[in-house]
Amino acid sequence: MKISVLGTGVVGRKIAERLVQLQHEVTIGTRDPDATLEKNPEVGQLLAQYPGLTLLSFDEAAAGAALVVHAGNGAAAIELLSEVGSQQLAGKVLIDISNPLDFSAGFPPTLFCDGSESLAERIQDAFPDTHVVKSLNTLTAELMVHPENLPEPTTVFVSGNNADAKVATEALLRELGHRDIFDLGDLSTARGTEQYLYLWLRMFGKLGTGIFNIRVVR
Ligand SMILES: NC(=O)c1ccc[n+]([C@@H]2O[C@H](COP(=O)([O-])OP(=O)(O)OC[C@H]3O[C@@H](n4cnc5c(N)ncnc54)[C@H](OP(=O)(O)O)[C@@H]3O)[C@@H](O)[C@H]2O)c1
């Protein structure tokens, strides 16, 4: 499948690498490819390691993609996706991994969306013809693509308004190795997984590593 991963941070790089290993055709999106190669040597290393992987501007990266992964900075989400354009995103499945983190008061960050809305819904409102599915945002990047690094299966959540888009997302999650996929319901349920960050960050602070997850026993 042709998949566009929007974002060159650790999440975008990890997801892109794993999807290439799984034989998908992957493009990585960024604002300015030359500037990114200059400032972010890890991106260049990734491209050198996987010659099929390409780094393009956000709109070029999304062109022709069957599925788009949003792995951009939460505060810039609408700006980033506007660079792709609503026409380009229309009808597509957009897996949104971003979190609405606000680091303006230091660490731990707060969230700029309160429990009455989610960033995923803001994205859906801004791009009504796109099928936004929130997932993977409750895991550190490494566990998004290698959940088997934990000694037992743990839970990953899915929220979205379109049933087919969630089926496509769940198929991709299974390819990544996720076995306990919890469909919470419509996109408003992403409020819960985003607000979970308040707990995630405290557990991260206590454990000193992001290599942990929860399992919903039911
Ligand atoms: N790090 C984790 O383990 C983790 C776990 C769960 C969820 N998340 C979420 O995943 C997302 C990605 O996290 P990350 O740490 O990989 O990267 P990040 O540093 O949060 O975001 C980097 C990406 O955001 C883009 N960006 C920043 N400002 C922009 C702007 N004004 N306009 C357009 N694009 C802009 C950058 O574009 P350029 O490529 O042009 O620089 C880059 O591609 C975040 O929302 C984060 O909260 C992260």
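Since every read-out is calculated from the coordinates, none of them should be taken as a lab result. This is a predicted model, so every value here is computed, not measured. Ideal geometry is used to build each Cβ from the backbone, glycine not excepted, and the neighbour counts take in all protein chains shown.
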**Q.** Residue satisfying all of: in the range 61-73; surrounded by 22 or more Cβ atoms within 10 Å (Cβ to Cβ) and either aliphatic (A, V, I, L, M) or free of Cβ contacts under 8 Å to residues at least 40 places away in the same chain (or both); nearest to Leu37 (Cα to Cα) among these
**A.** Ala61
Q. Among the residues of the range 143-174, which ones are closer than 21 Å to Ile211 by Cβ, surrounded by fewer than 17 Cβ atoms within 10 Å (Cβ to Cβ), in contact (Cβ under 8 Å) with a residue 12 or more places away in the chain and not polar (S, T, N, Q)?
A. His146, Glu148, Leu150, Glu152, Pro153
**Q.** Extreme residue, farthest from the ligand (Cβ to nearest atom), among residues of the range 1-19 that are β-branched (Val, Ile, Thr) and crowded, with 20+ Cβ neighbours inside 10 Å
**A.** Ile3
Q: Quickly run through the range 108-125 and pick out the residues that are more than 14 Å from the ligand (Cβ to nearest atom) and more than 17 Å from the chain's Cα centre (by Cα).
A: Asp114, Gly115, Ser116, Glu117, Asp125
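Quick grid of which residues meet (1) within 25 Å of Gly205 (Cα to Cα); (2) more than 10 Å from the ligand (Cβ to nearest atom):
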site: Gly74; (1), (2): yes, no
site: Ala77; (1), (2): no, no
site: Glu83; (1), (2): no, no
site: Gln87; (1), (2): no, yes
site: Leu101; (1), (2): yes, no
Q) If you go through the range 74-96 one residue at a time, how many are surrounded by 14 or more Cβ atoms within 10 Å (Cβ to Cβ) and touching a Ser or Thr at 6+ places or on another chain (Cβ under 7 Å)? A) 7
Q) Can we say Val133 is away from the ligand (no atom under 12 Å from the Cβ) and touching a Ser or Thr at 6+ places or on another chain (Cβ under 6 Å)? A) yes
Q. Scanning the range 20-50 for residues that are charged (D, E, K, R) and under 20 Å from Ile78 (Cα atoms), which turns out farthest from the ligand (Cβ to nearest atom)?
A. Asp32
Q. Does Phe58 count as in contact with a Gly (Cβ under 9 Å, 6 or more places away or on another chain), free of Cβ contacts under 8 Å to residues at least 60 places away in the same chain and of a type in the set (Phe, Trp, Tyr)?
A. yes
Q.
For the range 188-200: of the residues being under 15 Å from the mean Cα position of the chain (by Cα) and not charged (D, E, K, R), which is surrounded by the most Cβ atoms within 10 Å (Cβ to Cβ)?
A. Ala190
